[in-house]
Ligand code: 8YV
């Protein structure tokens, strides 16, 4: 008898066909108002879940007593209570690696867009304001040759270091759980304690996973350590930063600006004070959002799911036991 899975993130036709050839698929469109209720109704008897961007907690999981695997189309696993899944005997898989380069590209897009005021000045052109040569009031700040401070030296952090060192001739500092001599050697990078990194870097880029030790990692105290011409870039998770403290630091121009791809509440409310600041570039969590990479992530998630349901060890088993 075919196993049944619940799919709550749209797949390409090719990947859906591949999935349906091997398991029964119940599709739940989470963009509808009753999506969560319909997901809950689909869970009894399901052995697998495939999707992303949904907090799958205890009450939902209680409705899925036959669940064997959750295949997340994400590298981040902050939507899951991993110890609880392990206790329940539910495998969690994710999609690292395939999104590393695209997400690092997003980080540099935000560094450049914020430093050179691309969004603000492109709007200025569109509004017909370009009627004379630019003056100092429109100048941005250089990226090449400056100091890049990376908070979190995992796959994405290292891809950022490569871009900074090899692409922009930047001095690379990083903070992580421990120094990484191979990173130092490859990118002439230097490990710093967080406070020292914040005080030295011209660009502070957050790439850490969200967990108990990183939630609120960047608060008012940390922002006050940054240089007045420094720019904060967040491609990690919104809750790594105290958003109210960031707004205050930006409004007071205690830092030059911020390039933000993630927020405490997503979608970001149009009323957010962040959107009223001309020194903020805000993008809608586009970290991995390219056609190529999202297809690669979904393909990886389908592989993980099918491997797990076939009784084999999936490649990206987060809570391997
Ligand atoms: C996506 C991400 O937004 O992989 C992650 O952790 O944050 C992004 O790639 C998310 O995975 C939804 O698909």
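Just so you know, all these numbers are worked out from the coordinates, no wet-lab data involved. Nothing here was measured: the structure is a model prediction, and the numbers come from that model. Reconstructed Cβ throughout: ideal geometry from the backbone, glycine too, with neighbour counts over all protein chains shown.
May I ask you to list the residues in the stretch 149-164 that are surrounded by fewer than 18 Cβ atoms within 10 Å (Cβ to Cβ) and farther than 19 Å from residue 209 by Cα? Matches in the stretch 149-164: 162 only.
Of all the numbered requirements in (1) under 25 Å from residue 82 (Cβ atoms); (2) part of a helix (DSSP H, G or I), residue 222 misses one, and that requirement is (1).
If the requirement is being touching a helix residue (DSSP H, G or I) at 6+ places or on another chain (Cβ under 6 Å), within 16 Å of the ligand (Cβ to nearest atom), in contact (Cβ under 8 Å) with a residue 40 or more places away in the chain and over 24 Å from residue 241 (Cα atoms), which of these qualifies: 98, 69? I'd like the intermediate steps shown before the answer.
On the way: 69 fails: within 16 Å of the ligand (Cβ to nearest atom).
98 is the lone residue from the list that is touching a helix residue (DSSP H, G or I) at 6+ places or on another chain (Cβ under 6 Å), within 16 Å of the ligand (Cβ to nearest atom), in contact (Cβ under 8 Å) with a residue 40 or more places away in the chain and over 24 Å from residue 241 (Cα atoms).
Of the residues making up the stretch 277-321, those that are surrounded by 19 or more Cβ atoms within 10 Å (Cβ to Cβ), within 23 Å of residue 16 (Cβ to Cβ) and under 18 Å from the mean Cα position of the chain (by Cα) are 288, 293, 294, 297, 298, 300, 301, 316.
Which members of the stretch 72-95 meet the condition of being in contact with a helix residue (DSSP H, G or I) (Cβ under 6 Å, 6 or more places away or on another chain) and within 11 Å of the ligand (Cβ to nearest atom)? It would help to see each step written out before you state the result.
The first filter runs over the stretch 72-95 and keeps only residues in contact with a helix residue (DSSP H, G or I) (Cβ under 6 Å, 6 or more places away or on another chain), leaving 73, 91-93, 95.
Once the filter is applied, which keeps residues that are in contact with a helix residue (DSSP H, G or I) (Cβ under 6 Å, 6 or more places away or on another chain) and within 11 Å of the ligand (Cβ to nearest atom), the stretch 72-95 yields 73, 95.
Would you mention how many residues in the stretch 256-290 are farther than 14 Å from residue 110 by Cβ, touching a residue at least 24 places away in the same chain (Cβ under 8 Å) and more than 12 Å from the ligand (Cβ to nearest atom)? The total comes to 5.
When 166, 161, 122 are screened for being without any contact (Cβ under 8 Å) to a residue 40 or more places away in the chain, touching a strand residue (DSSP E or B) at 6+ places or on another chain (Cβ under 9 Å) and under 28 Å from residue 294 (Cβ atoms), only 161 passes.
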